[in-house]
Each structure stands twice: as C-alpha cells, then as structure tokens.
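*Asks:* Sending over a structure as structure tokens; questions will come in a sec.
The values are calculated or read from the model by the stated rules, or taken from the named source; none is laboratory data. The model shown is predicted, which means the values in this text are computed figures rather than measured ones. Counting neighbours? That spans all protein chains shown, and the Cβs are built from the backbone with ideal geometry, glycine included.
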C-alpha cells in the first residue's frame with residue numbers, strides 16, 4: 001500500500017508547544033469547535049486557539065464544569081453535548097446549525113479511555129460509541145457548516161493506543177467478551193480511519209481531515225486504571241504519581257500537534273494523514289505499542305468499510321450519494 005505517511009520536516013518536534021506552532025498565526029474571524037475543550041488537552045487547545053483570535057465553541061458533557069474551567073478566557077462559547085448520547089449530539093448540531101455560522105476548525109478532542117465495560121445508545125461498546133460514533137454523527141450533522149467556508153479542517157485526536165487493535169469486524173461491540181485495552185485500541189483506530197475517509201469525501205469541498213497521536217500526557221483519563229495497571233504499564237508509581245522514568249509531555253506540548261493540525265499552513269493541500277510530534281508520522285514498524293501509524297489504520301478500504309458501518313449504525317451520512325476522491 002502506497003502512503004503519504006512521511007515526515008515533511010516541519011521544524012517542530014516532541015517538545016514544541018502550542019505557542020511555538022501558533023507563532024505568526026492569526027485566527028481572527030475563525031470559528032473553532034473543540035469537543036471536551038474544557039479539561040486536559042482540550043482546555044489547553046481552547047486557550048491557545050482563543051489567544052490566537054479564534055471564537056471557540058466548546059460542547060461539554062458537564063457545562064457547569066466547563067464554565068468554571070473556561071472563566072476568564074475571551075471568545076469562548078459553551079454548549080451541552082454528551083457524545084455517548086446520540087440524541088444529545090443531534091440536539092447540539094441542530095442548535096448550532098440554527099445560528100447560520102460556518103465552522104473553520106473542528107477538533108474531535110473529547111474521549112474516554114480504558115473504561116470498565118458499559119454500553120451507550122442501542123448497546124454499543126462505550127469507547128467505540130463515544131470516541132468514534134459520537135464524533136462521526138456530530139461531524140456529519142455539522143457538515144453543512146463545516147463545508148460552508150470551503151477551507152475547513154477536521155482533526156480527530158487518536159492515540160498510539162491504536163496499536164492495540166484494528167477494527168474487530170467480527171465483534172465490533174465486544175459482545176463475546178470485553179477487553180478494555182483492545183476496546184480502546186479499536187476506538188482509536190476508528191478515529192484514524194474516520195479522518196482517512198472524511199478527507200477523501202470532503203476534499204472536493206475544500207475540507208481536509210487529519211488524525212494524530214498527541215503524545216503521552218498525565219491527565220484525568222488515567223482514572224479508570226488501577227494502581228497495579230499504572231505500575232505494570234510504567235505510567236505511574238505505587239502512589240499513582242507519574243513515573244519519573246516515563247517521557248511525559250506537558251499539556252502544552254501534548255496539545256501542540258492538534259493545534260498544528262488545525263492551523264498550520266505547512267499542511268495546506270494535504271489531508272488524510274496521521275500526525276505525531278507536529279509532523280506527519282511514519283508508518284509503524286515491528287510489534288507492540290510503537291510510534292507511527294499501523295497500516296490497518298490508514299487503509300482506505302477499511303476506512304470506507306467503517307464509514308458504511310457507522311452510517312448503518314447511526315442512520316446518519318452527509319455523503320450518502322457522494323463518491324470519495326482518491327486522487328493524491
């Protein structure tokens with residue numbers, strides 16, 4: 001499989017911050033939507049985009065917590081959205097579209113990780129249903145606003161956790177036994193495949209899509225891991241403190257790649273690629289959890305298959321009659 005997954009020599013690296021990648025970038029007059037943009041990397045992303053002049057809409061599962069976290073940041077608007085509840089996704093999209101505004105930047109940042117087995121919607125595995133299907137429905141419903149400006153970018157925050165599992169086509173919803181690690185991996189693979197196919201569908205409208213691994217950052221997403229699991233994986237010590245031997249990024253470094261994906265002129269004319277450390281990632285090699293992207297996560301055939309499955313499950317498809325653009 002040929003792939004555009006090669007470094008473009010961006011000049012940035014793992015230590016680059018949101019301030020670094022936004023130097024000289026003016027987002028005045030731009031509108032960004034950042035799901036979960038009130039905690040962790042989302043909060044840093046919202047703050048950085050707003051500081052560069054963007055108006056940032058933050059759909060939040062906990063609006064009161066969002067208002068508290070975002071107090072004092074100019075140019076931020078908060079609304080309610082639960083990605084695990086399709087009716088909530090539809091209601092938010094309807095409210096936004098009713099304003100008649102267009103979207104320049106869409107960052108699918110919110111997500112859950114390594115959760116105990118639970119179900120959302122009509123019985124969907126919660127990590128797949130929230131991290132992938134929630135964002136799938138949201139972007140498809142918001143498509144008129146995203147396509148309106150002719151140059152929007154959609155950014156799907158994935159993870160190197162996608163190494164843990166491809167799409168389990170024979171048991172996507174983990175109905176034959178649950179594994180929270182594999183379920184998270186499948187959801188993160190879905191995020192990458194979503195960007196691959198959305199880019200193919202959207203490029204004719206001037207919309208490009210990217211996915212990315214932000215790096216490893218200590219956030220509240222670790223709350224579902226036991227102390228033993230944190231120690232075994234090398235993420236933390238027995239006091240649940242970040243392991244000093246692990247190469248953690250700061251939140252500003254972790255958010256840099258999604259901000260770069262959303263705004264950098266270096267990516268003009270590109271799309272459908274997986275990013276890491278503020279550059280286009282190489283293909284992953286070897287086994288285990290590694291840097292780069294797995295071939296199954298950027299396979300256009302698997303991306304199209306996942307899109308079709310997602311449309312069937314949600315009943316939503318903004319491109320029902322459109323054929324993807326497969327040109328480079």
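*Asks:* Looking at residue 301 and the list (1) in the same structural domain as residue 256 (by TED's automatic domain parsing); (2) surrounded by fewer than 18 Cβ atoms within 10 Å (Cβ to Cβ); (3) within 19 Å of residue 138 (Cα to Cα), which single condition is not satisfied?
*Replies:* Unmet condition: (3).
*Asks:* Would you be able to say whether some residue in the range 50-72 is over 30 Å from residue 315 (Cα atoms) and touching a helix residue (DSSP H, G or I) at 6+ places or on another chain (Cβ under 7 Å)?
*Replies:* Scanning the range 50-72 turns up at least one residue that is over 30 Å from residue 315 (Cα atoms) and touching a helix residue (DSSP H, G or I) at 6+ places or on another chain (Cβ under 7 Å).
*Asks:* Now for a different question. Can you name the number of the only condition in (1) in contact with a helix residue (DSSP H, G or I) (Cβ under 6 Å, 6 or more places away or on another chain); (2) in the same structural domain as residue 154 (by TED's automatic domain parsing); (3) at pLDDT 95 or above that residue 113 fails?
*Replies:* The number of the failed condition is (3).
*Asks:* Condition first: buried (at least 24 other Cβ atoms within 10 Å of the Cβ) and assigned to a strand (DSSP E or B). Can you find one or more residues in the range 109-124 that meet it?
*Replies:* no
*Asks:* Is it the case that some residue within the range 152-160 is assigned to a helix (DSSP H, G or I) and at pLDDT below 95?
*Replies:* yes
Table: residues versus (1) surrounded by fewer than 16 Cβ atoms within 10 Å (Cβ to Cβ); (2) touching a strand residue (DSSP E or B) at 6+ places or on another chain (Cβ under 6 Å); (3) at pLDDT 95 or above; (4) over 30 Å from residue 144 (Cα atoms).
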{"position": "220", "(1), (2), (3), (4)": "yes, no, no, yes"}
{"position": "243", "(1), (2), (3), (4)": "yes, yes, no, yes"}
{"position": "246", "(1), (2), (3), (4)": "yes, no, no, yes"}
{"position": "268", "(1), (2), (3), (4)": "yes, no, yes, no"}
